[in-house]
Amino acid sequence: MTTKRSFFDRLSGNISAGDAFDSFDDELPTVTAPVHKESRKQASGSSSRPAPLDDDLSGSEGQLPVDVHQTASDIIVRAFVAGVRPDELSISISRDMVEIGGSRMEREQTSGSDYFTRELFWGSFSRAIMLPQEVDVEASSASAKDGLLTIILPKLDKARQTKLRVKAG
């Protein structure tokens, strides 16, 4: 009985010259992706103008992309909130979580057929971020400048100790 060699044996050359090479196609099933009629029509090049997006996302809520990093004393959260006034943002902070929410409204209404490309998100958005360490909620701060929201969350120092005096009663 011949045993099938592992991929690593074949890759490293541990196969004698007399062994037949096994095709990788035998190991994995083939899967074909369905092709939508719209994508075939667009790929055929019948029109020099790309098809406009007709997805109606008015009922869905977007998820705000964020960057979260730390310094020695702070956890810093940054998010692009262009088109949203600072007073329209909602930020909730607990010791182990930050929640950011808001809404970005389109100033002009344009019909869907007049768009060439539509990639900007309009509507309400939110994001809940679990923090890797507990933070001082009272000392936290948030600022927005040039469409960039920055939230600074001071870390709680668990190693810090205080001495308590016992009062005689």
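The values are calculated or read from the model by the stated rules, or taken from the named source; none is laboratory data. Since the model is a prediction, treat every value here as computed from it, not as a measurement. We place every Cβ from the backbone using ideal geometry, glycine too, and count neighbours over all the protein chains shown.
Contact annotation: residue pairs with Cβ atoms under 7 Å, 6 or more positions apart or on different chains, pairing a residue in the range 72-87 that is closer than 16 Å to L156 by Cβ with a partner that is modelled with pLDDT of 85 or more and not in a strand (DSSP E or B), are I75/L131; I75/Q133.
Please work out if L149 is at negative phi, surrounded by 14 or more Cβ atoms within 10 Å (Cβ to Cβ) and touching a Ser or Thr at 6+ places or on another chain (Cβ under 6 Å). The answer is no for L149. Reported count of residues in the range 66-93, each being assigned to a loop (DSSP other than H, G, I, E, B), surrounded by fewer than 11 Cβ atoms within 10 Å (Cβ to Cβ) and either within 19 Å of the chain's Cα centre (by Cα) or modelled with pLDDT under 90 (or both), is 1. Within the range 128-149, the set of residues being assigned to a strand (DSSP E or B), closer than 15 Å to D96 by Cβ and without any contact (Cβ under 8 Å) to a residue 60 or more places away in the chain comprises A128, M130. D136 - would you say it is surrounded by 12 or more Cβ atoms within 10 Å (Cβ to Cβ), closer than 30 Å to A72 by Cβ and of a type in the set (D, E)? So D136 passes the test.
The residues of the range 100-121 that are closer than 24 Å to A142 by Cα and among the hydrophobic types (A, V, I, L, M, F, W, C), listed by number, are I100, M105, F121. In the range 94-127, the qualifying residues are those that are hydroxyl-bearing (S, T, Y) and outside any loop (DSSP other than H, G, I, E, B), and the one that is surrounded by the most Cβ atoms within 10 Å (Cβ to Cβ) is S103.
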